[in-house]
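Below you'll find the structure, written out as structure tokens, and then a few comments.
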Amino acid sequence: MQLGGHVQLGRFEHTLEAVAGRAPAVRVAMLESSSATPVGPGRVKLVQVLDGDGPPPVPAGQAWGEVGVCEICLHVRNVQEVHDALVAGGCASLMEPTSADVPPTGITLDIAYVADPWGTKLELIEWTGLWRSLPGPPRAEGVNHVAFGVTDMERTRAFYARLGFTELLFESVEFFDPMAPWFEAPWYDPGNLPAQHMTMPMPAQGAAIEPVVLDPPGHDCRGAWGHLGPMDFGIRVTNLDAAAARLASDGVQLHGAPQSLDVGSGEWRYIYFVEPDGNYVQLVEARY
Ligand SMILES: [Fe+2]
């Protein structure tokens, strides 16, 4: 099965400043799906720390929803077939395909989870009640959303609303039972799991975010920048200098000055900023 032709846009080595607390040498590859759609538009960035002891380890005991990035979600056409193809290809299944609908509007969806080779929780979603995807064979599209843990939902919603994430696709406060096997001792009491407050704010275009608050709070799973598994995300802008100036004027702390990388066929610019819980988040302007 063809799961979507991925095109490597840029590959380079550079020294990352500021955000990691040191300057690791890293290799970065940005992958864009040729099957991207408006509901699966986002790209995947691969990061490999090359120096020191290599990539830092996955944060210990991460279940889902602790502070830190906890999943990448691809929109797909036909969750069951894409899930089965990935499992046949060697991925571990973390959640068998299931259907649900989400409050408050009852929008329906099909989901499943697999693990990538480094343990990343990779969600596969088809928003059947929102967008049935374009015609064609079962396939993965681009990133639909990224999920990350926070400690104060109201504060996070207000912060990301200023970045354009204003349309609430769903909000739930119940623990999502199919995730229960991920919450293991000694980090959690499997008989007394935390409540999960999930929301999904969408921008007018582009991928969404899924901030999550656990109650009681989980432990800090941000880990060192560059660690294995999901660890940061970028928000694309059309003018990095203007966007960074806007954040700064809003009182958001920036990590240094905008960085610019020659990727051969163009330029990739980024700047990290301090979000409310210290998750690793950047603005990105891609000129290629
Ligand atoms: Fe998700």
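The values are calculated or read from the model by the stated rules, or taken from the named source; none is laboratory data. This structure is a prediction, so every number in the text was calculated from the model and none was measured. Counting neighbours? That spans all protein chains shown, and the Cβs are built from the backbone with ideal geometry, glycine included. Areas reflect the complete protein model, heavy atoms only, side chains present, ligands, DNA and RNA absent. Shrake-Rupley method; radii C 1.70, N 1.55, O 1.52, S 1.80 Å.
Data table
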{"item": "Meets criteria (closer than 20 Å to C73 by Cα, small (G, A, S) and within 16 Å of the ligand (Cβ to nearest atom)) for A204", "result": "no"}
{"item": "Qualifying residue in region 227-235 (condition: of a type in the set (D, E) and open to solvent by 60 Å² or more (accessible area, probe 1.4 Å))", "result": "no"}
{"item": "Members of region 176-200 found to be in contact (Cβ under 8 Å) with a residue 12 or more places away in the chain, open to solvent by 40 Å² or more (accessible area, probe 1.4 Å) and within 16 Å of the ligand (Cβ to nearest atom), listed by number", "result": "F176, P178, H197"}
{"item": "Check on P217, buried (at least 18 other Cβ atoms within 10 Å of the Cβ) and touching a residue at least 24 places away in the same chain (Cβ under 8 Å)", "result": "no"}
{"item": "Hits in region 90-119 (condition: part of a loop (DSSP other than H, G, I, E, B), within 26 Å of D232 (Cα to Cα) and not charged (D, E, K, R))", "result": "G90, C91, P117, W118, G119"}
{"item": "Given (1) in a loop (DSSP other than H, G, I, E, B); (2) in contact with a Cys (Cβ under 8 Å, 6 or more places away or on another chain); (3) within 16 Å of the ligand (Cβ to nearest atom), number of the condition L122 does not satisfy", "result": "(1)"}
{"item": "Residues located in region 30-63, provided they are farther than 30 Å from P137 by Cβ and either of a type in the set (D, E, K, R) or surrounded by 20 or more Cβ atoms within 10 Å (Cβ to Cβ) (or both)", "result": "V49, D51, D53, P59, Q62, A63"}
{"item": "Any hit, region 144-159, residues being in a loop (DSSP other than H, G, I, E, B), open to solvent by less than 40 Å² (accessible area, probe 1.4 Å) and more than 15 Å from the ligand (Cβ to nearest atom)", "result": "no"}
{"item": "Every pair of residues 6+ apart whose Cβ atoms lie under 6 Å, when the first sits in region 64-89 and is part of a helix (DSSP H, G or I) and away from the ligand (no atom under 16 Å from the Cβ) while the second is open to solvent by 10 Å² or more (accessible area, probe 1.4 Å) and modelled with pLDDT of 95 or more", "result": "Q80/P97; V87/S93"}
{"item": "L94, sole failed condition from (1) open to solvent by 30 Å² or more (accessible area, probe 1.4 Å); (2) more than 13 Å from the ligand (Cβ to nearest atom)", "result": "(2)"}
{"item": "Residue list for region 237-258, restricted to those being outside any helix (DSSP H, G or I), surrounded by fewer than 19 Cβ atoms within 10 Å (Cβ to Cβ) and not small (G, A, S)", "result": "T238, N239, D250, V252, Q253, L254, H255, P258"}
{"item": "Of the criteria (1) within 12 Å of the ligand (Cβ to nearest atom); (2) open to solvent by less than 20 Å² (accessible area, probe 1.4 Å); (3) in contact with a Gly (Cβ under 8 Å, 6 or more places away or on another chain), which one E141 fails", "result": "(1)"}
{"item": "Selected residue [of a type in the set (A, V, I, L, M), open to solvent by 60 Å² or more (accessible area, probe 1.4 Å) and within 16 Å of the ligand (Cβ to nearest atom)] from L168, L134", "result": "L168"}
